[in-house]
Amino acid sequence: MAGGEALRKFVAPEIVFGEGALELSGRFSRNLGGRRILVVSDPGVIAAGWTEKARKSLEEANLSVVVYENVRSNPSTASVMEGASVFVREQCDMILAVGGGSPMDCAKAIGAVVSNEQHVLEFEGVDNVSLPPPPLVCVPTTAGSAADVSQFAIITDEVRKVKFAIISKTMVPDVALIDPRTTLTMEKSLTVATGMDALTHAVEAYVSDASSPLTDLHALETVRLVARHLPGAAAELDNLEHRRGMMLASLYAGLAFSNAGLGMVHALAHSLGGALDLPHGECNALLLRHGCAANYSAVPERFARILQAFKEGESMASMSPVAPTPPEKVLEELVARVGVLGDISGIAVRLRDFGLRREDIPRIARFAYQDPCLLTNPRHMDAAELEEVLHGAW
């Protein structure tokens, strides 16, 4: 049962949170012994100016800088291997990731390849990274992936057309420098998609078979923060209070799912994202309501608590009391709230709107069934049952 009394461990990096954290890139890189830093970023983050701010901080600390920016929205095995070659050729000794989940996941995988001298595909699964990577500092510029605090790295295999997970304590960065200002340049659709990713992390971690009191408190606070701040962040893109709230939500959700695991929504999202090259947050935004419905019967009391946290977040501004929802109405109300949030920016509401063909559903379900995220789902599901969920979302 989720949240049982089994032994649990909790891993996290050193975390610095607040405006100005970005400018500490040089200090923390130097403290970790870095001299020549591989900065992993992407063209969008570079255009926004955040990579240059990090570079300036590194150079002010008298550190050499090499920038690797060939990172797609879904980082590929080719990008990882190319980045690792750059690290070795340029004789770098540590990595600084500046960006959303894609640069951070790519940076994690580059480190594993460099230290273990293996192809990135050999790390697929749980605890398959033998040697720790070089020191890694992460500066997230989106509020959702939480790759800056998690032991997950998600990479796309272009040959199989599927995303695979690398799950290992060695994937936890050494330092996360979390600066809410970096999210001010996100457009509305990305703001909502990454926010829904954080919400999905929280929901799946809270109902996970590996949840614990240590992860529950982070998961429920994430739900409150998303309910309180995501609509405001989407409506006022330059509102730093809402941006700060969503950055906290991403952080808390990352601490929750990194230690409690995820579930069927992420398993399906990885499979869909790999097959169709779709943004991860948008896949989660579409699938979360269907995941709640499919898993509700396994842990109804947990979903009731999630709904209560949702309502508490909505009422934070007025500080009005929140009445419990009748059990027969919990799923309906929760799915409705998830749907309203996901629809804020016009994210597709059906899988066919993403270009998924009905005949592709069995293949998507087969890959999802092999995803390690499914191991902690509160309800055992086989490939045929995952197909049913996909058909319902199609």
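Condition first: of a type in the set (D, E), assigned by TED's automatic domain parsing to the domain that holds P133 and more than 18 Å from D174 (Cα to Cα). Can you find one or more residues in the stretch 63-70 that meet it? Within the stretch 63-70, one or more residues are of a type in the set (D, E), assigned by TED's automatic domain parsing to the domain that holds P133 and more than 18 Å from D174 (Cα to Cα). The set of residues from the stretch 109-131 being touching a strand residue (DSSP E or B) at 6+ places or on another chain (Cβ under 9 Å) and not in a loop (DSSP other than H, G, I, E, B) comprises A109, I110, G111, A112, V114, V120, L121, F123, G125, V126. How about the stretch 325-360: which of its residues are more than 16 Å from V265 (Cβ to Cβ) and in contact with a His (Cβ under 9 Å, 6 or more places away or on another chain)? If the condition is that a residue be more than 16 Å from V265 (Cβ to Cβ) and in contact with a His (Cβ under 9 Å, 6 or more places away or on another chain), then R358 is the only one that fits. Of all residues in the stretch 283-298, none are within 18 Å of A147 (Cα to Cα) and charged (D, E, K, R). Taken over the stretch 343-376, the residue count meeting the criterion of being at pLDDT 95 or above and over 22 Å from R160 (Cβ atoms) is 1.
Candidates P134, P103: the one that is in a loop (DSSP other than H, G, I, E, B) and on the phi < 0 side of the Ramachandran plot is P134. When the stretch 73-88 is limited to residues that are polar (S, T, N, Q) and either touching a helix residue (DSSP H, G or I) at 6+ places or on another chain (Cβ under 7 Å) or in a loop (DSSP other than H, G, I, E, B) (or both), the one that is surrounded by the most Cβ atoms within 10 Å (Cβ to Cβ) turns out to be S79. Out of A256, A260, A275, one residue alone is in contact with a His (Cβ under 6 Å, 6 or more places away or on another chain) and either of a type in the set (G, A, S) or crowded, with 24+ Cβ neighbours inside 10 Å (or both). It is A256. Identify, please: which residue in the stretch 58-117 is farther than 17 Å from S145 by Cβ and of a type in the set (S, T, N, Q) and is, among those, farthest from the chain's Cα centre (by Cα)? Here the answer is N62.
If the condition is being surrounded by fewer than 24 Cβ atoms within 10 Å (Cβ to Cβ) and more than 19 Å from L334 (Cβ to Cβ), then the stretch 278-306 contributes L278, P279.
Taking the criterion of being in contact (Cβ under 8 Å) with a residue 60 or more places away in the chain and in contact with a strand residue (DSSP E or B) (Cβ under 7 Å, 6 or more places away or on another chain), the residues of the stretch 77-97 that qualify are T77, V80, D93, M94, L96, A97. Filtering the stretch 3-14 for residues that are crowded, with 22+ Cβ neighbours inside 10 Å, touching a residue at least 12 places away in the same chain (Cβ under 8 Å) and in contact with a helix residue (DSSP H, G or I) (Cβ under 9 Å, 6 or more places away or on another chain) leaves an empty set. Restricting L63, L32 to residues that are surrounded by fewer than 22 Cβ atoms within 10 Å (Cβ to Cβ) and in contact (Cβ under 8 Å) with a residue 60 or more places away in the chain narrows the list to L32.
Is one or more of the residues making up the stretch 339-360 surrounded by fewer than 21 Cβ atoms within 10 Å (Cβ to Cβ), in a helix (DSSP H, G or I) and polar (S, T, N, Q)? Taking every residue of the stretch 339-360 in turn, none turns out to be surrounded by fewer than 21 Cβ atoms within 10 Å (Cβ to Cβ), in a helix (DSSP H, G or I) and polar (S, T, N, Q).
The values are calculated or read from the model by the stated rules, or taken from the named source; none is laboratory data. Not measured: the values here are computed from a predicted model. Glycine gets a Cβ as well: all are built from the backbone with ideal geometry, and neighbour counts include every protein chain shown.
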